[in-house]
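The values are calculated or read from the model by the stated rules, or taken from the named source; none is laboratory data. Just so it is clear, the model here is predicted, and its values are computed rather than measured. Neighbour counts are summed over all protein chains in view; Cβ atoms, including those assigned to glycine, are modelled from backbone coordinates with ideal geometry. To get the accessible areas, we keep the full protein, side chains included, count just its heavy atoms, and leave off ligands, DNA and RNA. Shrake-Rupley method; radii C 1.70, N 1.55, O 1.52, S 1.80 Å.
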Amino acid sequence: MASDRDVAVAFASAWGRRVGRPLSGWEVTAATGVRGLRLVNESGAFARFLLTEASDEAAAALRANAVRWPMVAVEQRDAREPRSDGPFDYVDIDPYGSPVPFVPAAFAALRPGGVIAATATDLMVLAGVQKGACERRYGARPVRGRLGPEGGLRILLAYLSGEARTRGLAVRPLLAYVGEHHLRAFVQVVGGSERDSRDPIGEIDPHDWSGPSVGDRGPYGPLWLGPLFDPELVGSLRVPSTSAVPDETGHLLSTWRDEVSADVPFYFEANRLASVLALSTPPPIAAFLEELRRAGYRAARTHARPEGFRTDAPRPVVESIARALARGP
Ligand SMILES: C[S@@+](CC[C@H](N)C(=O)[O-])C[C@H]1O[C@@H](n2cnc3c(N)ncnc32)[C@H](O)[C@@H]1O
C-alpha cells in the first residue's frame, strides 16, 4: 500500500494548495496510524487531525506513534458513532472490507465542500463474484469479469452519490481509481446549489451499450457514468519527496495525467479484441491510440490495466480499426 499512501499524501498536498488554508482531517479507521501520520507529516496540509481506532492493541500503538505530533488527536472508539467535534475538511475511510458502515458518520462530520476519501477492499462483492451481497450492500447489480473492478468503482461512486443525495448534497469525483486489491475514491461533497441538475448515474443495458463489452447478463448498476478524474487536480499531483516507491507512484500519476483526456466509462483491451475478432496478434496500443485520434475520437491508456485503453469511439469503430491494424499497411 506504499504507493496508495503516496497518492493520499499527494492528494492532500494538492487539495490543501487548492483550498488555500490549513485543513482539518479525520482518519476513521487508523490502525497504527501509518496512513494518517504520513498524511500529517508529509503533506503539510493539516493543522488538526483526528485518528480513531477501535481495537485495543492498534490504539495503543497508534497513541505511541502519534505522540510526536501536537496537532494530532487519537481516540479509541467506534468510528461509526456520530461525532460532535467536526466539521472536517477531509475524512479518510480506509477499513478492511466495505466503507459503507462508516459513510453516515463521515458525511455528518464533513464541512460543506469537504472531501471524503473512501477505500473498498470488498472486491468479491463489488466486482461481481458475490452478486447478492452487492445488491444488498450497495443496491446495485455488479459487472462481472475483467471489467468488474471498474464496475465496482462506479458502484461505489454511485453509492456515495446516493448517500449525498439523501442529504440534499452531491459528490464530484476528484480522483477515483482501481488498485491492485482495492478501489479508492476521493470525492468532494458539494451543496444543493452547486449540484449539477442530474447526476451522471445510470444502468448499462448490454443491448444498447456500444462501449467495451461488460457482459450480457445486465442491466448492470446503478453505476457512476461520469468522470473519474478532476483534470486540474490530477495535473497538480506530485510524487511526495518522501516516497519509498517514487517510480511506481510517478508512473501512476503520469498514466492518470494522460487518462483524463479520455475519461469515459470502461476500457478496451487489445488482447481481448484480438481474441474476440480472431486476429493473429493484438494490435499495438500505440497504433490503436493514433488511429482513434486520427479518426477524431478521444483515446488514452488506462491505469486500470496495462493493455487497456479508453476511448469514446463506439465498439464497431474500435473493432474495425483493430481489423485494419491486423491486416497491416
Ligand atoms: C485496514 S485497517 C486500517 C489501515 C490504515 N488506514 C492504514 O492505512 O494504515 C482497518 C482498521 O479499522 C479498525 N476498525 C474496524 N472497525 C472499526 C470501527 N468500527 N471503528 C474504528 N476502527 C475500526 C480495525 O481495528 C483496523 O485496525
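For the chain, averaging the sequence separation of C-alpha pairs within contact (under 8 Å, six or more residues apart) and dividing by the residue count gives a relative contact order of 13 percent.
Accessible surface computed residue by residue for region 170-325, with neighbouring protein chains in place and a 1.4 Å probe, gives 47 Å² per residue. Region 117-191 and region 256-277 have Cα centres spaced 20 Å apart.
Atom-type composition of the exposed protein surface of region 1-121 places 54 percent of the accessible area on carbon and sulfur (1.4 angstrom probe). Gyration tensor analysis over the Cα atoms of region 1-97 returns equivalent ellipsoid semi-axes of 20, 15, 13 Å (largest first, whole Å).
A quarter of the convex hull surface defined by the alpha-carbon atoms of region 2-244 gives 13.4 nm² as the mean projection. Taking 0.36 nm per residue of separation and subtracting the Cα-Cα distance, full extension of the segment from Ser55 to Ser280 would add 75.5 nm.
The calculated FRET efficiency for Thr166 paired with Arg136, based on their beta-carbon distance and R0 = 22 Å, is about 0.80.
Projecting the Cα positions of Met71, Leu175, Val91 onto the charge dipole of region 2-244 (unit charges on Cβ atoms of Lys, Arg, Asp and Glu, taken about the Cα centre) puts Met71 furthest along the positive direction. Inter-label distance, Glu81 to Arg323: 6.5 nm, where each label sits 7 Å from its Cα along the C-beta direction. If a spin label sat at a point 7 angstrom from the Cα of Met71 along the line to its beta carbon, the backbone N atoms of region 21-49 nearer than 19 Å would be those of 21-28, 33-49.
Shape annotation for region 267-327: C-alpha extents along the principal axes are 25, 24, 17 Å, from largest to smallest. Computed over the alpha carbons of region 151-269, Rg followed by Dmax gives 15.6, 49 Å.
Taking the chain as the reference, fit the longest principal axis to its C-alpha atoms, fit the long axis of helix 56-66 to the helix C-alpha atoms, and give the angle between the two in degrees, 0 to 90, nearest 10. On a 0 to 90 degree scale, this one is about 80. Helix-only arithmetic for the chain: the sum of -39500 (n - 2.57) across DSSP H runs with n ≥ 4, divided by the residue total, places the mean residue ellipticity at 222 nm at -11500 deg cm²/dmol.
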